[in-house]
């Protein structure tokens, strides 16, 4: 199981830097409706077991325990949602909204991956960019909502605190969210992803100096990366304790770089889970946003 001090320190530093940015931004007065505390402090434990990188036949485990500040502002939400840890509201009208979205991918040690042995490690990858979301259908069963989200994310890897630009990924995501009970929420997401050549290079390029008889040199190409199908379940176990369990199926058949020697599996699977315990919350309440309101 992989859990390096470097990756934990980077995540903590990113968390603290975002928290400082939020404090500087401030927020409007809370309304009478209770949308939760403006600030919370939680202890979280996150675990994942799945492919070392997209279309890898080798799996790895990651476990990261760390403190998390939760912030519910009008324009910025910090670590409120484990699937979308940082969201910045730019625009919302009726059922259309524009957010700023962020995602983190754990690092991988190349010496523990046969296909990448002797190559540079895959560092912590931070992806950030806009997401345009359209709510196009609702149903009365479990207050279900259907969304179409268009995402573009700029990727940056971190070797320690040294950042490197890694290109851009593009996704069109279909998602369904259902409120099963007052404590249980379920999500389904179908996400085909495309990427630029520089993004593909990060995972699939084999530079001449790393070529071997069984791993020929390869130049990655831009295009289709694969499609993820993700399901997860969130349960509020008590007022202060919540749990998230999920599974993801990666479909990479027909991907642009399936001829790369680093592309070793057409179908991959992963599971993940998180426990979060709230040990403090501010007296000041958050002002509700339109997407906090229940479906009609």
Can you compute the modelled spin-label distance between residue 49 and residue 111, with each label point 7 Å from Cα toward Cβ, in nm? 2.5
Everything considered on the Cα gyration tensor (a ≥ b ≥ c; rounded for a/c under 1.5, else prolate if a/b is larger than b/c, else oblate), segment 141-181 must be described as oblate
Tell me the relative contact order for segment 107-160 as a rounded percent, counting alpha carbon contacts under 8 Å between residues six or more apart. 34
Stretched fully, the stretch from residue 94 through residue 59 gains (0.36 nm per residue minus C-alpha distance, one decimal, in nm) 8.4 nm
Spin-label model distance (nm) - residue 66 vs residue 233, 7 Å beyond Cα toward Cβ: 2.8
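Would you mind ranking 268, 230, 181 so that the residue whose beta carbon has the fewest other beta carbons within 10 Å leads the list?
Sorted ascending by nearby Cβ count, the order is 181, 230, 268.
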Take residue 152, project a point 7 Å from its Cα along the Cβ direction, then tell me which residues of segment 104-142 have their backbone nitrogen under 15 Å from it. 128-133
Give me 135, 57 sorted ascending by neighbouring Cβ count inside 10 Å, so fewest comes first. 57, 135
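Which shape class applies to segment 149-288: rounded if a/c is under 1.5, otherwise prolate when a/b exceeds b/c and oblate if not, where a ≥ b ≥ c are the square roots of the Cα gyration tensor eigenvalues? Write down the numbers at each step before the final one.
Numbers: a/c = 2.45, a/b = 1.96, b/c = 1.25.
Judged from the Cα gyration tensor, segment 149-288 comes out prolate (a/c at least 1.5, a/b above b/c).
Read-outs: derived from the displayed coordinates by stated rules, not from any lab. Note that the structure is predicted; figures quoted are calculated from it, not measured. Heads up, the Cβs are rebuilt from the backbone with ideal geometry, glycines too, and the neighbour counts pull from every protein chain shown.
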